[in-house]
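K.L.:
Here it is, the structure in full.
The values are calculated or read from the model by the stated rules, or taken from the named source; none is laboratory data. Model, not experiment: these values are computed from the prediction. No Cβ is skipped: glycine too gets one built from the backbone with ideal geometry, and neighbour counts run over all protein chains shown. Heads up: the accessible areas ignore ligands, DNA and RNA and are worked out on the full protein's heavy atoms, side chains in. Shrake-Rupley method; radii C 1.70, N 1.55, O 1.52, S 1.80 Å.
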Number of protein chains: 2
Amino acid sequence: MDSSLYLAAACAAVAIVFALVKFSAIIKKDAGDSTMQDIARQVQEGAAAFLKTEYKWLAVFVVIVGGLIALSDAENGLGGKTAIAFVAGACASGIAGYFGMHTATRAAVRTTQAARASLTEALGVAFSSGIVMGMSVVGLALMGVVGFTLMYAAPENADGVRFSADSLNHVLGFSFGASSIALFSRVGGGIFTKAADVGADLVGKVEAGIPEDDPRNPGTIADNVGDNVGDVAGMGADLFESYVGSIIATMILGSFAFADKENMSSLVLLPLGVAALGILASIIGTYFVKAKDEAHISSALHFGVTVASIAAIVGSAVLCMVVFTFPEGVEGWRLLVAIASGTIIGILIGKVTEYYTGSDGKPVKNIAAQSETGAATNIIHGLATGMESVAAPVLLIALAIFVSYNVCQIEGVDGSGVYGVAIAAVGMLSTLGITLGVDAYGPVADNAGGLAEMAKLPKEVRERTDALDAVGNTTAAIGKGFAIGSAALTALALFSAYCSRAGKELDLEGSLLLDINNHKVMIGLLLGGILPFLFSALTMRAVGNAASEMVNEIRRQFREIPGIMDGTGKPDAARCIKISTDGSLKQMILPGLIAIIAPIAVGMWSPYALGGMLAGALVCGIMMAIFMANAGGAWDNAKKLIESGAHGGKGSDYHAAAVVGDTVGDPFKDTSGPSLNILIKLMTVVAVVFLPWFV
Amino acid sequence: MDSSLYLAAACAAVAIVFALVKFSAIIKKDAGDSTMQDIARQVQEGAAAFLKTEYKWLAVFVVIVGGLIALSDAENGLGGKTAIAFVAGACASGIAGYFGMHTATRAAVRTTQAARASLTEALGVAFSSGIVMGMSVVGLALMGVVGFTLMYAAPENADGVRFSADSLNHVLGFSFGASSIALFSRVGGGIFTKAADVGADLVGKVEAGIPEDDPRNPGTIADNVGDNVGDVAGMGADLFESYVGSIIATMILGSFAFADKENMSSLVLLPLGVAALGILASIIGTYFVKAKDEAHISSALHFGVTVASIAAIVGSAVLCMVVFTFPEGVEGWRLLVAIASGTIIGILIGKVTEYYTGSDGKPVKNIAAQSETGAATNIIHGLATGMESVAAPVLLIALAIFVSYNVCQIEGVDGSGVYGVAIAAVGMLSTLGITLGVDAYGPVADNAGGLAEMAKLPKEVRERTDALDAVGNTTAAIGKGFAIGSAALTALALFSAYCSRAGKELDLEGSLLLDINNHKVMIGLLLGGILPFLFSALTMRAVGNAASEMVNEIRRQFREIPGIMDGTGKPDAARCIKISTDGSLKQMILPGLIAIIAPIAVGMWSPYALGGMLAGALVCGIMMAIFMANAGGAWDNAKKLIESGAHGGKGSDYHAAAVVGDTVGDPFKDTSGPSLNILIKLMTVVAVVFLPWFV
């Protein structure tokens, strides 16, 4: 049995080594002329400065919360062991995010330089950078989970049982640590990126009349920094959390459901095995990403993911049918179907997202056409598109639950069905190494384009980076859909873990019974339903507030720095980054506190109300996250469609109407929507970790 | 016992007589000069034409559904008896809506005429018209419920039991009939009113450059018709449904919870008594609505409602403490606290709504200020305000549930707590006679202003009607908040009735156990969560589609009718009304079908999944309804604030930005948001009525 743990650790190590090899290959590439390098250095330093400040704030948070955990009664899964795992989870996610961002900011300038030679060359650099992020995340995440499992759960406990649910509760601290980083990176980073974007545009484009990405604008660098900290590090932390959360939740559920059965440990170790082989599958997939020309970039990326998915399913088949021996009644094919349903539905959710947000789809064309009657109809149809787009992904999630539950439900074994749902989530996330790579490639291509513009490179360079960027926009939208889908299944797995564990702590037969007719559960549902709306309102306002601090700073620099407009005075980009950093982190305190304090406060009143609250937040949160992400993506591409010449083209009244929609969509898709992923997962992790306080 | 039924019928009759007396008093007023009468007649005929067409479509619907009910097995609460109650419910709600609209269209012109003399005079006419709507609704609704209770539930059944839950299930047909009218009136009417509004504005103001309410625009009359069919008849049907639904659900829950107890019937009859005394209280309240001048209109209306609420609570106290004898352990004060908590929280929800949508509040001022940076920031802050505004009303609803459940929960009596929640809903709606009156006064004042404009009356007349209208806007927003709050509690009461009844039909101990951990319940929650988003998307699109048919017709008339622009040719207003009528009814088919078929389809799969679905739709539906109604109300008043001179005033760029927000808010607050009230109630009624099909 332990051999599989060591093999999983080996696969995690392979991922980390693969990331390092890719990184050094990127660094060896030509970084272009001194102008390019100078601009790139500012972005690199800015992004590093943001993350350093973020981590400083985070350190305070980790110390306080870690201290609370350490001082709590260790009998029930809190105490020093959990605190150590918590700190390690925060560090691992932080390192992955920092390294991914570090790579991305270095890869962008090299992508620009490579684009001077050829498109294929440029794609290679940008995609490699994404893969560094993807592999760092899965490598460090799996390494952490395996490490703490070896330390805490593999040794026999007092009753001679290995991998007991109680021991795994300590491992969950690692997941909570990752969640904390996700909160700061995704919410704080999301506010930063849009505050910088909006602030730079408002003063630069509107007041000073200089173009976007103009080096004279002190906010331009901050805007580029935002892409890296929000879309690279933030997205990475979000999915790090999902990856770790789904694996540990599945382990806990396996340990609960099959507690007294022979071969129980194989169900605890299965998610680790699936994740480990998923890493190898992802690496295989990367070798199939090769584009001859512009028309094949998108299909090359999709092909890589498809190969990886097939390889992952084959790997899972070997694990389920050959390697592991499961408890009686649990046939391997059942688990395989659950895993494969997760993997496949993850891809399908991406396809649906592509339909609703892609420039070729009817919805985006419709929004673009509606811009002809003004901003209001553009907005109305964008909102309607976002709301409508909720149906298909949620139906797919429901289908995944239905299939994986029913196929794994075994007569007489309570919790076998929910184990199936949880392992489906692991299946969906198993190829994260490459799917996150495809996603994180987008901002690198975007930054490469900005660099080409700022460094005034020849037109064909910009055209090549634009081709990469256009595909990057779609993969980013798909990545958001995937992130929401996996967050939903992860939260669901953690929710089941909460109910199982609460049932045990409260000495109930089976798991916590959350009857909706129980008024506490109903009140919890309503309270939970409020949270995604409140959280979205707060994060949208936060962008506005942080942006206005940015506006004041840029105005001050234009006023006070002599020669800034004719290029003889150098704008103080670092100060803009600092203002935006402090502003965004300050603005995230209230929503962050709500996400942590709300479940604890309600849990103190009643674990039943808390269960209802988690379910209410989960249901409303998924809907709102999809609504906001897809509305924002659709508005963005509707604007791009008009810019490409449709409905009057750039500069027309129709374009102006579409710009309004895009501006509304910015905080929707890049701040509030993705932040809801964190909300639903973090609340559930908090509920499971602090459960001993509630009983 | 039966005496209380006859007394309730007498109170219902008093309401109907009061409405008729008020109506004849209105009709006796001077209807102004021939120009005014001519314009008013067009609106009257247009509104009548819409309702007639609507009722024709509805008749087909009622015949098909009534036939299905009649042909179903009568043993379990369907069959002929239920079918008759269903048809009667549809007719009663239809008559109330028609009469209210009939009165409103006649009162508007008389309000205008009265405004030539004095403000007090004009307020009297407009408010009387609202009271006709309010009293018709409560009178016909209570009469219907009492009548069918006397026929179906009062006689002893085979076991010698009176007011058995089975017999009351037949009475529920009346509620389902009312729901059907509500679907057509609220959704169809909501689409009509905004399609006409947007269509008339797009061609008239934007293309032809003529002012709003210009008699040359063929869409102007349709716009005024829309106010009457949407805001008067639609709102009336919505609250008719809540009123009837909450009363019957409470009766059923009382019958279930206290099935074998002595004096059970007093708990079945209590909601009828509370409603009956609420009518008398409302009538008393109307005599306290007297405004000396402009500054006192709002306080006069609030004073009337406050007096009525106090009187209703006093009346309930008499019922609970003196008149009724309850089963052992059920002290009267417990029920009184539950009833009063509903009444008080209904008023508080109105206050919260007033804060978020009123021109004096910080949120509206903030949205107006954000218009200075363009339409996008106006939209972002409007959306954020709407999302934020969800918290307080839902917390109040949760508080109402908490108080009424706990105070009424009696050791050993399953379902006594949910009875408390249901009777709180009845308490909230008990003063509907006057609260609906205050609400329905708004569109009359609005129309009166339009008439003054079209008939080119002296400036001071328009000023007086504007003063009435301004208050009407706020009361309309408060009315929407009240409608949502009461819809939520009504749906909750019906939901409990569903669970109680399903438990019985499935031969379970106690009510249906909806454990969120049950994967069917979880899938149901997710499916239910989709519906409010899908429904909102469809209704928003419907407004767009119906509006564009309207646009084509108005363009055609401008092109083809000679002399239309110089006033020598008469626009064909009736044709515009017909186009908008047919368009809006056609557009409501898909959302309407979803609201009815979704619960039946899911119920056929599993009553557990259906229970989850109802809860999911309830939670997401309440949030979305409040979000959309308040965002729309806030945008509207932010625009009005700018028009009153703030931030550049009318015609400035800031005003243009605020107009974009207002246009987005129109379908939000008048179509999609209110339609969600219907969705959550109708789905639950369908679930209870068709339950025998699912088991």
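K.L.:
If you check B:ASP38, B:ASP30, which single one turns out to be touching a residue at least 24 places away in the same chain (Cβ under 8 Å), acidic (Asp, Glu), farther than 30 Å from B:MET264 by Cβ and surrounded by fewer than 16 Cβ atoms within 10 Å (Cβ to Cβ)? Steps first, please.
P.N.:
On the way: B:ASP38 fails: touching a residue at least 24 places away in the same chain (Cβ under 8 Å).
Matching residue, one of B:ASP38, B:ASP30: B:ASP30.
K.L.:
Separate question: Can you tell me which of B:ILE554, B:ILE564 is open to solvent by less than 10 Å² (accessible area, probe 1.4 Å) and outside any helix (DSSP H, G or I)? So that I can check it myself, show each step before the final result.
P.N.:
Working: B:ILE554 fails: outside any helix (DSSP H, G or I).
Only one candidate qualifies: B:ILE564.
K.L.:
Something else about it: Consider B:ASP515 carefully, then state whether it is within 12 Å of chain A (Cβ to nearest Cβ) and either open to solvent by 10 Å² or more (accessible area, probe 1.4 Å) or under 30 Å from the mean Cα position of the chain (by Cα) (or both). Can you show your working first?
P.N.:
Values: within 12 Å of chain A (Cβ to nearest Cβ): yes; either open to solvent by 10 Å² or more (accessible area, probe 1.4 Å) or under 30 Å from the mean Cα position of the chain (by Cα) (or both): yes.
In short, yes.
K.L.:
Restricting to the range B:382-417, name every residue that is facing chain A (nearest Cβ under 7 Å), farther than 16 Å from A:GLY524 by Cβ and open to solvent by 10 Å² or more (accessible area, probe 1.4 Å).
P.N.:
Once the filter is applied, which keeps residues that are facing chain A (nearest Cβ under 7 Å), farther than 16 Å from A:GLY524 by Cβ and open to solvent by 10 Å² or more (accessible area, probe 1.4 Å), the range B:382-417 yields only B:GLU388.
K.L.:
Open to solvent by 10 Å² or more (accessible area, probe 1.4 Å), on the phi < 0 side of the Ramachandran plot and out of contact with any strand residue (DSSP E or B) (no Cβ under 9 Å at 6 or more places or on another chain): is that true of A:VAL664 in this structure? Give the steps one after another, and end with the answer.
P.N.:
Working: open to solvent by 10 Å² or more (accessible area, probe 1.4 Å): no; on the phi < 0 side of the Ramachandran plot: yes; out of contact with any strand residue (DSSP E or B) (no Cβ under 9 Å at 6 or more places or on another chain): yes.
Judged against the criteria, A:VAL664 is not a match.
K.L.:
Among the candidates B:PHE184, B:PHE192, B:PHE176, B:PHE148, single out the residue that is more than 28 Å from B:PRO674 (Cα to Cα) and either among the aromatic types (Phe, Trp, Tyr) or in contact with a strand residue (DSSP E or B) (Cβ under 8 Å, 6 or more places away or on another chain) (or both). Let's see the steps before the verdict.
P.N.:
Numbers: B:PHE184 fails: more than 28 Å from B:PRO674 (Cα to Cα); B:PHE192 fails: more than 28 Å from B:PRO674 (Cα to Cα); B:PHE176 fails: more than 28 Å from B:PRO674 (Cα to Cα).
After applying the criteria, what remains is B:PHE148.
K.L.:
Another question, then. Residues B:ALA476, B:ALA487, B:ALA483, B:ALA467: which one is open to solvent by less than 20 Å² (accessible area, probe 1.4 Å) and within 30 Å of B:GLY32 (Cβ to Cβ)? Outline the logic, then answer.
P.N.:
Numbers: B:ALA476 fails: open to solvent by less than 20 Å² (accessible area, probe 1.4 Å); B:ALA487 fails: within 30 Å of B:GLY32 (Cβ to Cβ); B:ALA483 fails: within 30 Å of B:GLY32 (Cβ to Cβ).
None of the others qualify; the one that does is B:ALA467.
K.L.:
Separate question: Open to solvent by less than 10 Å² (accessible area, probe 1.4 Å) and either away from chain B (no Cβ under 12 Å) or within 23 Å of the chain's Cα centre (by Cα) (or both), is that true of A:ALA657? Before you say what the answer is, go through the steps one by one.
P.N.:
Details: open to solvent by less than 10 Å² (accessible area, probe 1.4 Å): yes; either away from chain B (no Cβ under 12 Å) or within 23 Å of the chain's Cα centre (by Cα) (or both): no.
The answer is no for A:ALA657.
K.L.:
State yes or no: is A:GLY427 within 10 Å of another protein chain (Cβ to nearest Cβ), touching a Ser or Thr at 6+ places or on another chain (Cβ under 8 Å) and either part of a helix (DSSP H, G or I) or among the aliphatic types (A, V, I, L, M) (or both)?
P.N.:
On the way: within 10 Å of another protein chain (Cβ to nearest Cβ): no; touching a Ser or Thr at 6+ places or on another chain (Cβ under 8 Å): yes; either part of a helix (DSSP H, G or I) or among the aliphatic types (A, V, I, L, M) (or both): yes.
Against the criterion (within 10 Å of another protein chain (Cβ to nearest Cβ), touching a Ser or Thr at 6+ places or on another chain (Cβ under 8 Å) and either part of a helix (DSSP H, G or I) or among the aliphatic types (A, V, I, L, M) (or both)), A:GLY427 does not qualify.
K.L.:
Restricting to the range A:360-377, what's the tally of residues that are facing chain B (nearest Cβ under 9 Å) and in a helix (DSSP H, G or I)?
P.N.:
Taking the range A:360-377 and keeping what is facing chain B (nearest Cβ under 9 Å), we get A:370, A:373-377.
Narrowing the set further to residues that are in a helix (DSSP H, G or I) leaves A:370, A:373, A:375-377.
Residues meeting the conditions: 5.
K.L.:
Sticking with this one: Name every residue in the range A:186-219 that is out of contact with any Pro (no Cβ under 6 Å at 6 or more places or on another chain), within 18 Å of A:ASP662 (Cβ to Cβ) and open to solvent by 10 Å² or more (accessible area, probe 1.4 Å), in order of residue number.
P.N.:
Of everything in the range A:186-219, those that are out of contact with any Pro (no Cβ under 6 Å at 6 or more places or on another chain), within 18 Å of A:ASP662 (Cβ to Cβ) and open to solvent by 10 Å² or more (accessible area, probe 1.4 Å) turn out to be A:ASP197, A:VAL198, A:ASP201, A:LEU202, A:LYS205, A:VAL206, A:PRO211, A:GLU212, A:ASP213.
K.L.:
Go through the residues of the range A:98-110 one by one and say whether even a single one is open to solvent by 10 Å² or more (accessible area, probe 1.4 Å), at pLDDT below 95 and aliphatic (A, V, I, L, M).
P.N.:
The answer is no, given that none of the residues of the range A:98-110 is open to solvent by 10 Å² or more (accessible area, probe 1.4 Å), at pLDDT below 95 and aliphatic (A, V, I, L, M).
K.L.:
Among (1) within 14 Å of chain A (Cβ to nearest Cβ); (2) open to solvent by less than 30 Å² (accessible area, probe 1.4 Å), where does B:TRP605 come up short?
P.N.:
With respect to (1) within 14 Å of chain A (Cβ to nearest Cβ); (2) open to solvent by less than 30 Å² (accessible area, probe 1.4 Å), B:TRP605 is out only on (2).
K.L.:
Within the range B:575-591, identify whether any single residue is in contact with a Ser or Thr (Cβ under 9 Å, 6 or more places away or on another chain), over 29 Å from B:PHE61 (Cα atoms) and open to solvent by 10 Å² or more (accessible area, probe 1.4 Å), and answer yes or no.
P.N.:
No, the range B:575-591 contains no residue that is in contact with a Ser or Thr (Cβ under 9 Å, 6 or more places away or on another chain), over 29 Å from B:PHE61 (Cα atoms) and open to solvent by 10 Å² or more (accessible area, probe 1.4 Å).
K.L.:
If you scan the range A:7-49, which residues turn out to be modelled with pLDDT of 95 or more and hydroxyl-bearing (Ser, Thr, Tyr)?
P.N.:
Residue satisfying the conditions is A:SER24 alone.
K.L.:
Another question, then. Within the range B:319-344, track down each residue that is open to solvent by 60 Å² or more (accessible area, probe 1.4 Å) and either at pLDDT 95 or above or within 19 Å of B:VAL403 (Cβ to Cβ) (or both). Before the answer, list the steps.
P.N.:
Of the residues in the range B:319-344, the ones open to solvent by 60 Å² or more (accessible area, probe 1.4 Å) are B:321-323, B:325, B:328, B:331, B:333, B:344.
Correct list: B:MET321, B:GLU331, B:TRP333, B:ILE344.
K.L.:
Please go through (1) within 25 Å of the chain's Cα centre (by Cα); (2) surrounded by fewer than 21 Cβ atoms within 10 Å (Cβ to Cβ); (3) closer than 27 Å to A:GLY524 by Cα; (4) in contact (Cβ under 8 Å) with a residue 40 or more places away in the chain for B:TYR355 and return the number of the only condition it doesn't satisfy.
P.N.:
All conditions are met except number (4).
K.L.:
Quick check, is A:GLY510 touching an Asp or Glu at 6+ places or on another chain (Cβ under 9 Å), within 13 Å of chain B (Cβ to nearest Cβ) and open to solvent by 20 Å² or more (accessible area, probe 1.4 Å)? Steps first, answer last, please.
P.N.:
Values: touching an Asp or Glu at 6+ places or on another chain (Cβ under 9 Å): yes; within 13 Å of chain B (Cβ to nearest Cβ): yes; open to solvent by 20 Å² or more (accessible area, probe 1.4 Å): yes.
Yes; evaluated as a whole, the condition is true for this residue.
K.L.:
When you scan the range B:634-695 for helices (runs of 4 or more DSSP H) that lie fully inside it, which ones turn up with 3 or more residues that are over 26 Å from B:PHE240 (Cβ atoms) and of a type outside the set (Val, Ile, Thr)? Explain how you work it out, then say what you get.
P.N.:
Working: elements: B:653-667, B:673-689, B:691-694.
Fully inside the range B:634-695 and qualifying: B:653-667.
K.L.:
Where the second residue is β-branched (Val, Ile, Thr) and the first is closer than 30 Å to A:THR671 by Cβ and lies in the range A:510-535, which pairs have Cβ atoms under 6 Å and are six or more apart or on separate chains?
P.N.:
Close Cβ pairs satisfying both conditions: A:ILE523/B:ILE401; A:LEU525/B:VAL619; A:LEU526/B:VAL394; A:GLY529/B:VAL619; A:ILE530/B:VAL390; A:ILE530/B:VAL394; A:PHE533/B:VAL390.
Okay, residues lined up against (1) free of Cβ contacts under 8 Å to residues at least 40 places away in the same chain; (2) under 27 Å from B:ALA595 (Cα atoms):
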residue	(1), (2)
B:SER129	no, no
B:GLY139	no, no
B:LEU142	no, yes
B:PHE163	no, no
B:SER167	yes, yes
B:PHE174	no, yes
B:ALA178	no, yes
B:ALA182	no, yes
